[in-house]
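Chemist: Starting off with a structure, shown below.
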């Protein structure tokens, strides 16, 4: 397990690290502590992690900025904070758990159990897409479909706008709500926006969305999607 702790208080960070090493032992393949928002952003860009422990108050910086940027990341996030009022807002960005400070070993144990049994069931209500120096928050309910594009994805919205997101199709599927469906190796669609399946001679398939958009559908996804739409 690859863990990143983002915490500006040295004592708190070391205390959390000690608990994690006691509880997980050899299951930890790497553990990194970052004190700043910039340091954690750089580390995440250059390294793969499985679990992030994030303090929402970082020496004047706001941990929510990192939470928004990583809302469609393939790793899971556990927020640690003394401000329990922020918990509800944090869950909008798909966090796995909220552990209040001061952190206890029993509470961290419960959070780790949730991580080990999660099976990617945690879903986000927003996707943070960075465009140059601007962060765009897109509500997942407003996404029409997602298309793979040069190791990234194009996110098409119901309003006709499109943004390029620096994530793979597989990683973004892990955090989208269950009504998003894979219909092709290159497409994920909002199941609530499906109008009908179009079959053509020769066994080729298309999916028509409520906007009139038609997308190619993979043969291997046809049967499963048809059953899903009929239930």
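Chemist: With each pseudo-label sitting 7 Å past Cα toward Cβ, what's the residue 29-residue 50 distance in nm, one decimal?
Modeler: 0.7 nm
Chemist: Convex hull volume of the Cα atoms in segment 126-230, per residue, in Å³?
Modeler: On the way: hull volume 10.4 nm³, N = 105.
Per-residue hull volume (Cα only) is 99 Å³.
Chemist: If you build a Gaussian network model of the chain, linking Cα atoms that sit under 10 Å apart, which residue out of 171, 29, 71 swings the most?
Modeler: Residue with maximal mean-square fluctuation among 171, 29, 71: 29.
Chemist: Sticking with this structure for a sec: Could you check what % of the DSSP bridge pairs in the chain are antiparallel, to the nearest 5?
Modeler: Within the chain, antiparallel bridges account for around 65 percent of the total.
Chemist: Would you work out if segment 2-116 is rounded, prolate or oblate? Take a ≥ b ≥ c from the square roots of the eigenvalues of the alpha-carbon gyration tensor; rounded if a/c is under 1.5, else prolate when a/b is larger than b/c, oblate otherwise. Spell out each step's value before the answer.
Modeler: Numbers: a/c = 1.27, a/b = 1.12, b/c = 1.13.
Verdict is rounded for segment 2-116.
Chemist: Nearest 10 degrees, 0 to 90: what angle lies between the long axis of helix 10-24 and the longest principal axis of the chain (Cα atoms)?
Modeler: The angle comes out near 70 degrees.
Chemist: With each pseudo-label sitting 7 Å past Cα toward Cβ, what's the residue 84-residue 149 distance in nm, one decimal?
Modeler: Each label point is offset 7 Å from its Cα along the Cβ direction, giving 4.4 nm.
Chemist: On C-alpha positions alone, give me the angle between the axis of helix 219-230 and the longest principal axis of the chain, in degrees, nearest 10.
Modeler: Orientation of helix 219-230: about 90 degrees from the principal axis.
Chemist: Helix 37-46 versus the longest principal axis of the chain: what is the Cα-based angle in degrees, 0 to 90, to the nearest 10?
Modeler: 50 degrees
Each reported figure results from applying straightforward, stated rules to the coordinates on display, with no laboratory input. Fair warning: this is a prediction, and the values are worked out from it, not measured in the lab. Counting neighbours? That spans all protein chains shown, and the Cβs are built from the backbone with ideal geometry, glycine included.
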